[in-house]
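The values are calculated or read from the model by the stated rules, or taken from the named source; none is laboratory data. Given the structure is predicted, the values throughout are model-derived calculations rather than measurements. All Cβ positions, glycine included, derive from the backbone under ideal geometry; neighbour counts span all protein chains shown.
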Amino acid sequence: MYFMGDVILPPGEKIRRIRTFLGAKQEDIAGDKITRNLISYIENGKTRLMRSTAEIIAENLIRLSEAQKNPIHISVDYLMETEMEQAN
């Protein structure tokens, strides 16, 4: 089962809610491959989430959740799902 599987949200808002749930900062999920500013743009809906970026974010979110002993199931496809895809 996905984290927040029954809630329909745009990709950026999903990332923000998961990050907030984990108590992480934008820098924490950006890692060293993307910038904090890019995370901010995605979370605020100012730029589209690309698959390569979603892979980095998912990897970092999973790493953070496992480090906290609070594993959650997050996939790239889950992060990228649009509101329309979620509604269907």
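Key figures for this structure:
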| read-out | value |
| --- | --- |
| Single residue of the range 66-78 satisfying the filter (modelled with pLDDT of 90 or more, under 17 Å from Ala24 (Cα atoms) and not polar (S, T, N, Q)) that is farthest from the chain's Cα centre (by Cα) | Lys69 |
| Residue list for the range 77-88, filter: among the hydroxyl-bearing types (Ser, Thr, Tyr) and in a helix (DSSP H, G or I) | Tyr78 |
| When residues of the range 32-54 are limited to those that are part of a loop (DSSP other than H, G, I, E, B) and in contact with a helix residue (DSSP H, G or I) (Cβ under 7 Å, 6 or more places away or on another chain), the one farthest from Glu85 (Cα to Cα) | Lys33 |
| Filter result for the condition that a residue is free of Cβ contacts under 8 Å to residues at least 40 places away in the same chain and either among the β-branched types (Val, Ile, Thr) or outside any helix (DSSP H, G or I) (or both), over Ile8, Ile57, Ile29, Ile74 | Ile29 |
| Set Thr47, Thr35: member being modelled with pLDDT of 90 or more, β-branched (Val, Ile, Thr), over 12 Å from the mean Cα position of the chain (by Cα) and surrounded by fewer than 14 Cβ atoms within 10 Å (Cβ to Cβ) | Thr35 |
| Matching residues in the range 1-32 - criterion: being surrounded by 14 or more Cβ atoms within 10 Å (Cβ to Cβ) and of a type in the set (A, V, I, L, M) | Met4, Ile8, Leu9, Ile15, Ile18, Leu22, Ala24, Ile29, Ala30 |
| Residue count for the range 32-57, restricted to those that are in contact with a Lys or Arg (Cβ under 7 Å, 6 or more places away or on another chain) and closer than 9 Å to Gly12 by Cα | 1 |
